[in-house]
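Below you'll find the structure, written out as structure tokens, and then a few comments.
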Amino acid sequence: MWRAFSELDAQRLHTESGIPQPLQHRDVEAWCRTMRVPLHPAEIVAVLVLDGERRAVEAERLAARSPADIDPEDDG
């Protein structure tokens, strides 16, 4: 399962702002078929949960790196 997630994560697309696109069931299915590795439905769910966590961490990292939308002329 970890191998599936790692390989899918390495091949994923990103938005223009660098946020990883979510993995889809079809991505996992294609990986399983291509690699000839059957995953149990619970393992597929786990891969997708890992994906959600990975994207959340990356979004937080990118948000912390980006300057806040603060108007320097606003004293309020």
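The values are calculated or read from the model by the stated rules, or taken from the named source; none is laboratory data. Just so you know, these numbers come straight off a predicted model, no measurement behind them. Every residue, glycine among them, receives a Cβ derived from its backbone with ideal geometry; neighbour counts consider all protein chains shown.
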If we keep just the residues of segment 1-28 that are aliphatic (A, V, I, L, M) and not in a helix (DSSP H, G or I), which is modelled with the lowest pLDDT? I19
Cβ-Cβ under 6 Å pairs, at least 6 apart or on other chains, segment 47-69 side under 20 Å from M1 (Cβ atoms) and at pLDDT 85 or above, far side among the β-branched types (V, I, T) and surrounded by 11 or more Cβ atoms within 10 Å (Cβ to Cβ): V47/V28
Selection from segment 28-41 of residues that are surrounded by 13 or more Cβ atoms within 10 Å (Cβ to Cβ) and under 19 Å from G52 (Cα atoms): V28, W31, L39
May I ask you to list the residues in segment 14-27 that are touching a residue at least 12 places away in the same chain (Cβ under 8 Å) and under 14 Å from R54 (Cβ atoms)? G18, I19, P20, P22, L23, D27
